[in-house]
Amino acid sequence: MWLEPNNPPAFPQSVRAILNAELIVVGPGSLYTSLLPNLLVPDVAEAMRASRALKIYVCNVATQPGETQGYTCGDHVRALEEHVGGGLFDVILANNRFEGSLPEPATWVQIEEDLDDDYAVHRADLVSTDRPWRHDSDKLAKVLVDILTEQTGPLVE
């Protein structure tokens, strides 16, 4: 995967926002068509590396036919690292509830047990009960706030 031109400029306000953030969340979304193109912009990836924010990758709950069919959570993370380098994320957030019907040929994105050997993996029930192939936005928001609080202490209003 590549960009043309190969070194596009980043939107300056985006770089500032990344550098000033307390929490950076990448995902959920289409790995190759939504997430990676943004991270391939050199200034965006550099700003993320330079940022002191907690950086969380939210892995999809289900595979995408024609894009990530057969991928595990580790496959998603490795694809990101192959394109933008390692060490970008502090936490990998993955769904651990595999109940409900998925539209064919989508499958659940499984979490390899040994993924914890190389990454800080946080598992949680993130599935929407109405559309189990999607994240429940309320569950996801709560878990993100919980992880941020665990890592940085209570939020100040």
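Read the figures in this text as sums done on the coordinates, not as results from a lab. Predicted model only: the values in this text are computed from it and were never measured. Quick reminder, even Gly has a Cβ in these numbers, built from the backbone with ideal geometry, and neighbours come from all protein chains shown.
Tally time: how many residues in region 123-138 are crowded, with 17+ Cβ neighbours inside 10 Å, out of contact with any helix residue (DSSP H, G or I) (no Cβ under 6 Å at 6 or more places or on another chain) and under 12 Å from LEU93 (Cα atoms)?
1
Quick test for you: out of THR68, THR72, pick the one residue that is touching a Leu at 6+ places or on another chain (Cβ under 7 Å) and of a type in the set (Ser, Thr, Tyr).
Just one listed residue meets the conditions, THR68.
If GLU67 passes every condition in (1) in contact (Cβ under 8 Å) with a residue 60 or more places away in the chain; (2) touching a Phe, Trp or Tyr at 6+ places or on another chain (Cβ under 9 Å); (3) of a type in the set (Asp, Glu) but one, which one does it miss?
Failing condition for GLU67: (1).
Yes or no: ASP146 assigned to a helix (DSSP H, G or I) and surrounded by fewer than 16 Cβ atoms within 10 Å (Cβ to Cβ)?
yes
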